[in-house]
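Report on one structure; see the data block that follows.
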Amino acid sequence: MSTVHDVLVLGSGPAGYTAALYAARANLKPVLIAGYQPGGQLTITTEVENYPGFREAIMGPDLMERMRDQVQRFGTEIVSAAVERVDFSKRPFEVVTDGKSYLARAVIVATGASAKLLGIESENRLMGFGVSACATCDGPFFKGRSVVVVGGGDTAMEEANYLARLCNEVTVVHRRDTLRASKIMQDRARANPRIRFLMNSELIEVLGVEGQKVHGVKLRNLETGEITELAIDGVFIAIGHQPNTEFLKGQLPLDSKGYAIVQPGTARTSIPGVFVAGDVADSVYRQAVTAAGTGCMAAIDAERWLEAEAHAAAHGAPAAAAGSAPRA
């Protein structure tokens, strides 16, 4: 018979590792499914200055390695695989990875979100060395410098306004002749003397030395076809994020953008025994520290739920039903 685990943690970013840490210290012997990108988005981040507890900046991959080592020290089993599908309609819950099935009494989903990128080679090559998808994370490294923000929605305007408080000049590059952002966000950005706009333009190449830094971009005017170079120090891609929830469709309620829905102030979902942590449910903050915080919440919620289930079973009360899978 297959082993039924107390807790399965899906995802290995700050949320997943923190959930596993708290679950392990509660003697729940969690199994963590690491996913295709162990460590999450911080593995493509260079210096991290805003995670509490470090006098000096720490490299993103180093921070994730420390979290991994910490959860293993407390007995977390880490599986190097990605989730293919889940079945939350029955008890115990089933999670399938690379053809192998895992059963669990409780599941914590912490699969994160992925920044939407332009898909050009130089963007990937210079990610973390002048190319970023998070102004809040990396903006302070560009104080007094010139940067480009790519995008035309609310996210891009928010990033541009934030960066304008730090940088000498922010250039917003957008493919269309009008912005998609809400009027109030557009007005704020256009009123800022440090922000300028290049409309009907696309970024086709990031210029820089691999492993060192960005020094410019190549832009194409979509009306004339003219290609120009712009000397800048950083590139911020602000065309949105995609929560990693494709495998949850039909199994867990998702909002219109694909983010998992939790009960306010908790990590609980509408399915008893299934909890959510981190960017997979957060379209607003998307920070390592907030992800870690919700990972803690998810583990505590799961521990208390499992304890209540055990108490109910010991006294002959029926366990909470998993119910049929909701349509999302």
- Per the list (1) under 30 Å from residue 197 (Cα atoms); (2) at pLDDT 95 or above, residue check on residue 213 breaks on (2)
- Do any strands (runs of 3 or more DSSP E) lying entirely in region 1-82 carry at least 1 residues that are more than 19 Å from residue 114 (Cα to Cα) and touching a His at 6+ places or on another chain (Cβ under 7 Å), and which ones are they? 31-33
- So how many residues does region 129-149 have that are within 19 Å of the chain's Cα centre (by Cα) and crowded, with 17+ Cβ neighbours inside 10 Å? 8
- Output yes when any residue across region 162-170 is within 30 Å of residue 62 (Cβ to Cβ), under 21 Å from the mean Cα position of the chain (by Cα) and not assigned by TED's automatic domain parsing to the domain that holds residue 283, and no when none is. yes
- Message: Looking at (1) among the acidic types (Asp, Glu); (2) within 23 Å of the chain's Cα centre (by Cα); (3) surrounded by fewer than 16 Cβ atoms within 10 Å (Cβ to Cβ), which one does residue 159 not meet, given that it meets all the others?
- Response: (3)
- Can you tell which of 203, 198, 207, 222 is within 21 Å of residue 161 (Cβ to Cβ), touching a strand residue (DSSP E or B) at 6+ places or on another chain (Cβ under 9 Å) and surrounded by fewer than 18 Cβ atoms within 10 Å (Cβ to Cβ)? 198
- Message: Being under 20 Å from residue 211 (Cβ atoms) and in contact (Cβ under 8 Å) with a residue 60 or more places away in the chain is the filter here; which residues of region 47-75 pass it?
- Response: 47, 48, 49, 60, 63
- Message: Being loosely packed, with under 15 Cβ neighbours inside 10 Å, touching a residue at least 24 places away in the same chain (Cβ under 8 Å) and within 21 Å of the chain's Cα centre (by Cα): is that true of residue 123 here?
- Response: no
- Item | Answer residue from region 178-198, given it is among the charged types (D, E, K, R) and in a loop (DSSP other than H, G, I, E, B) and is modelled with the lowest pLDDT among those | 180
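A quick yes/no check of all residues on (1) at pLDDT 90 or above; (2) at negative phi:
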{"site": "27", "(1), (2)": "yes, no"}
{"site": "41", "(1), (2)": "no, yes"}
{"site": "46", "(1), (2)": "no, yes"}
{"site": "51", "(1), (2)": "yes, yes"}
{"site": "55", "(1), (2)": "yes, yes"}
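The values are calculated or read from the model by the stated rules, or taken from the named source; none is laboratory data. What you are looking at is a predicted structure, and each value in this text was computed from that prediction instead of being measured. Note that we place each Cβ from the backbone using ideal geometry, even for glycine, and neighbour counts take in every protein chain shown.
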